[in-house]
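Novice: Please find one structure pasted underneath; my questions will follow.
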Amino acid sequence: MDTSSKENIQLFCKSSIQPVGQSSFKTEYSSSKEKQRCCGKLKVFLGALSFVYFAKALAEGYLKSTITQIERRFDIPSSLVGVIDGSFEIGNLLVITFVSYFGAKLHRPKIIGTGCLIMGVGTLLIAMPQFFMQQYRYEKYAPFSNSTLSLSPCLLESDSQLPLSIIEKSQSKRTDGCVQTVAIIGPIFGFLLGSLCAKLYVDIGFVNLDHVTITPKDPQWVGAWWLGYLIAGIVSLLAALPFWCLPKSLPRPRSREDSNSSSEKFKFIMDDHTDYQTPLGEKSKIMEMARDFLPSLKNLFGNPLYLLYLCASTVQFNSLFGMVTYKPKYIEQQYGQSSSKANFVIGLINIPAVAFGIFSGGIVMKKFRISVYGAAKLYLGSSVLGYLLFLSLFALGCENSDVAGLTVSYQGTKPVSYHERALFSDCNSRCKCSETKWDPVCGENGITYASACLAGCQTSTRSGKTLIFYNCTCVGIAASKSGNSSGMVGRCQKDNGCPKMFLYFLVISVITSYTLSLGGIPGYILLLRCIKPQFKSFALGIYTLAIRVLAGIPAPVYFGILIDTSCLKWGFKRCGRRGSCRLYDSNAFRHIYLGLTVMLGTVSIFLSIAVLFTLKKNCVSKHRSFRTKTEGTMVSTRIRKENCTTSDHLLQPNYWPGKETQL
């Protein structure tokens with residue numbers, strides 16, 4: 001299911017042996033009927049395959065959009081979230097190599113259908129913890145009330161059991177090609193679905209929402225992360241249905257059999273002229289295929305061009321997977337945006353730029369008839385330009401929020417030395433506050449405090465869902481005021497220049513995504529043309545396996561581990577163990593996130609340069625060998641000239657293997 005759509009289509013519509021000795025009328029009539037029947041079923045196969053790619057991409061895109069929601073819901077660090085994200089690819093480690101090898105010889109539609117069923121059930125299982133765990137509990141200062149009331153946060157913080165028991169009681173109440181383009185559209189809907197679900201409360205349908213006292217802007221808010229997995233799982237199950245009604249293969253019309261424009265006849269590897277077509281009625285044996293597995297694998301890795309391209313792609317996808325996985329989190333922490341908005345801008349702006357870049361790369365390849373060597377140069381050029389643009393994002397960051405005791409002192413001065421990074425001060429010493437609580441309050445002085453108690457607030461009033469604190473002694477000190485000072489629930493907004501930086505970030509991010517994806521189709525063409533025809537399906541399977549196992553699994557993990565090192569304030573679970581990070585150092589987060597992406601991209605560029613030189617050397621040596629062999633075996637001058645012209649046509653820089661990318 002993870003091999004290319006082109007290989008699926010070619011192997012699905014195999015050629016068959018046509019009877020000879022029939023009349024021309026009967027032959028043309030039967031050929032016409034076969035062509036119509038073949039095209040009809042082929043369209044059904046294409047539509048079903050497109051739907052599968054959409055369902056798979058929808059699930060993967062939605063998984064990326066729920067990273068921060070899962071982190072808050074289960075109170076876990078980014079490193080563990082990276083393990084969860086990487087585990088999405090572990091199933092491929094077990095089956096993809098064998099499926100790509102045996103799938104080309106067995107009933108491929110049923111294999112794809114089985115994969116869809118497994119994927120759908122697995123996606124549904126991701127949402128199951130929501131139905132077996134307790135309801136989400138968040139810490140608040142006071143129970144919900146429609147009337148105005150007065151409370152003292154300073155006193156309540158000294159007895160932390162009171163507000164928790166009231167909240168639990170309130171929340172315990174229940175109320176009774178086409179294919180590739182579609183594969184790009186899937187993540188768009190995945191992130192948009194993530195944006196929608198992030199606006200819905202996590203326990204929607206299980207609690208009375210009138211008793212929920214927080215909003216999506218609250219740092220403790222958790223959206224309905226599980227809802228999208230149910231939707232994506234059902235879509236995957238529906239995508240499996242058509243494949244159980246399709247035959248193993250379709251007969252190819254005779255008119256196409258006689259054509260000399262078969263894509264396999266235009267081969268970059270010219271030293272193998274073996275026809276790999278299986279005769280009609282011959283059944284391959286599993287044991288024979290198994291014996292050929294290791295020799296095929298050895299032959300594949302003996303190709304230096306394929307091996308170098310595989311290494312370059314693996315390193316580059318490490319960069320891309322890590323960047324995409326934590327991009328919503330980066331937008332939230334760096335620019336102070338909500339989870340819903342972060343997913344929305346990625347789904348509506350960033351991913352369409354990727355789709356347009358892939359589409360543009362295909363158009364350029366077709367319009368200008370770019371050769372394989374030209375495709376390698378285009379692939380390298382897009383990577384170099386893309387990562388150069390990515391470097392500009394280092395200058396488009398926002399400074400840390402002013403958080404008392406963490407990034408600024410309680411007097412509002414910067415910087416804060418290590419020994420001064422304490423959440424306690426003389427202004428809140430009498431309140432007996434908890435150091436582990438994180439329910440930030442924004443003072444009117446523009447400084448954020450970890451809690452109302454640590455801000456020294458004496459009284460509070462609530463009207464509906466609006467909670468305002470008064471007589472905050474720590475706020476008054478930083479504001480250099482002798483009178484009373486107030487604060488509101490939530491973190492203070494970033495400085496005034498941050499929204500403008502966020503806008504610049506979106507523009508550069510869109511351009512970078514477009515530039516990097518521009519080399520997608522050229523790289524895919526390079527992959528197809530550097531291997532022998534009989535190994536294409538197997539090579540694509542190994543390629544997909546390497547990308548997912550060596551990039552899809554580890555990249556989110558080590559990105560998450562390094563991102564955790566920039567945490568300034570950790571949360572703690574009720575058992576006392578460390579939970580998720582509440583506040584990151586914006587500067588450290590930016591340098592780790594962007595620096596790791598650029599470093600991996602630079603390594604992939606050097607490997608791509610090695611691919612280019614190897615390809616050039618391979619082209620020159622094969623061209624000389626072919627011409628020498630041709631001149632030595634041909635007797636007629638006219639025939640020799642024609643053959644030289646043909647070989648030059650295959651190897652000249654202006655040659656474009658158009659049939660290789662057409663159905």
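Novice: Take region 355-380 and flag every residue that is open to solvent by 40 Å² or more (accessible area, probe 1.4 Å) and either within 12 Å of ILE521 (Cα to Cα) or in a helix (DSSP H, G or I) (or both).
Specialist: Of everything in region 355-380, those that are open to solvent by 40 Å² or more (accessible area, probe 1.4 Å) and either within 12 Å of ILE521 (Cα to Cα) or in a helix (DSSP H, G or I) (or both) turn out to be PHE356, ILE358, PHE359, ILE363, VAL364, LYS366, LYS367, TYR373, LYS377, LEU378.
Per-residue answers, yes or no, for (1) open to solvent by 60 Å² or more (accessible area, probe 1.4 Å); (2) within 25 Å of SER580 (Cα to Cα); (3) assigned to a helix (DSSP H, G or I); (4) at pLDDT 70 or above:
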residue: ALA104; (1), (2), (3), (4): no, no, no, no
residue: LYS140; (1), (2), (3), (4): no, yes, no, no
residue: SER150; (1), (2), (3), (4): yes, no, no, no
residue: LEU155; (1), (2), (3), (4): yes, no, yes, no
residue: LEU164; (1), (2), (3), (4): no, yes, yes, no
residue: ALA183; (1), (2), (3), (4): no, no, yes, yes
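Novice: Right, something else. Output the residue which, of all residues in region 383-416 that are open to solvent by 40 Å² or more (accessible area, probe 1.4 Å) and part of a helix (DSSP H, G or I), is farthest from ASN318 (Cα to Cα).
Specialist: That would be ALA395.
Novice: Can you pull out the residues in region 321-354 that are of a type outside the set (D, E, K, R), in a helix (DSSP H, G or I), within 14 Å of the chain's Cα centre (by Cα) and buried (at least 20 other Cβ atoms within 10 Å of the Cβ)?
Specialist: Answer for region 321-354, where residues must be of a type outside the set (D, E, K, R), in a helix (DSSP H, G or I), within 14 Å of the chain's Cα centre (by Cα) and buried (at least 20 other Cβ atoms within 10 Å of the Cβ): PHE321, GLY322, MET323, VAL324, THR325, PRO328, ASN343, ILE346, GLY347, ASN350, ILE351, VAL354.
Novice: Check off (1) at pLDDT below 60; (2) open to solvent by less than 60 Å² (accessible area, probe 1.4 Å); (3) charged (D, E, K, R) for ARG108 and give me the number that stays unchecked.
Specialist: Evaluating ARG108 over (1) at pLDDT below 60; (2) open to solvent by less than 60 Å² (accessible area, probe 1.4 Å); (3) charged (D, E, K, R) leaves (1) as the failure.
Novice: While we're looking at this one, here's another question. Of all residues in region 560-572 being among the hydrophobic types (A, V, I, L, M, F, W, C) and more than 17 Å from ILE70 (Cα to Cα), which is nearest to the chain's Cα centre (by Cα)? Walk me through it before giving the result.
Specialist: First, pick out the residues of region 560-572 that are among the hydrophobic types (A, V, I, L, M, F, W, C): 561-563, 567-568, 570, 572.
Cutting the leftovers down to more than 17 Å from ILE70 (Cα to Cα) gives us 562, 567-568.
Values: LEU562: 19, CYS567: 24, LEU568: 27 Å.
Per the stated criteria, the residue is LEU562.
Novice: Might you let me know whether region 301-318 holds any residue that is open to solvent by 70 Å² or more (accessible area, probe 1.4 Å), modelled with pLDDT under 90 and in contact with a Leu (Cβ under 9 Å, 6 or more places away or on another chain)?
Specialist: yes
Novice: Looking at this structure, is LEU423 within 27 Å of ILE447 (Cα to Cα) and in a loop (DSSP other than H, G, I, E, B)?
Specialist: Yes, satisfied.
Novice: Residues that are touching a helix residue (DSSP H, G or I) at 6+ places or on another chain (Cβ under 6 Å), modelled with pLDDT under 95, closer than 22 Å to PHE88 by Cα and in a helix (DSSP H, G or I): does region 585-593 have at least one?
Specialist: No: region 585-593 contains no residue that is touching a helix residue (DSSP H, G or I) at 6+ places or on another chain (Cβ under 6 Å), modelled with pLDDT under 95, closer than 22 Å to PHE88 by Cα and in a helix (DSSP H, G or I).
Novice: With the checklist (1) in a loop (DSSP other than H, G, I, E, B); (2) touching a Pro at 6+ places or on another chain (Cβ under 8 Å); (3) modelled with pLDDT of 85 or more in hand, flag the one item TRP438 doesn't pass.
Specialist: Condition not satisfied by TRP438: (3).
The values are calculated or read from the model by the stated rules, or taken from the named source; none is laboratory data. Everything numeric here is computed off the predicted structure, so don't read it as measured data. Using ideal geometry, Cβ is built from the backbone for each residue, glycine included, and neighbour counts are taken over all protein chains shown. Accessible surface is based on the protein model in full, side chains and every heavy atom, while ligands, DNA and RNA are left aside. Shrake-Rupley method; radii C 1.70, N 1.55, O 1.52, S 1.80 Å.
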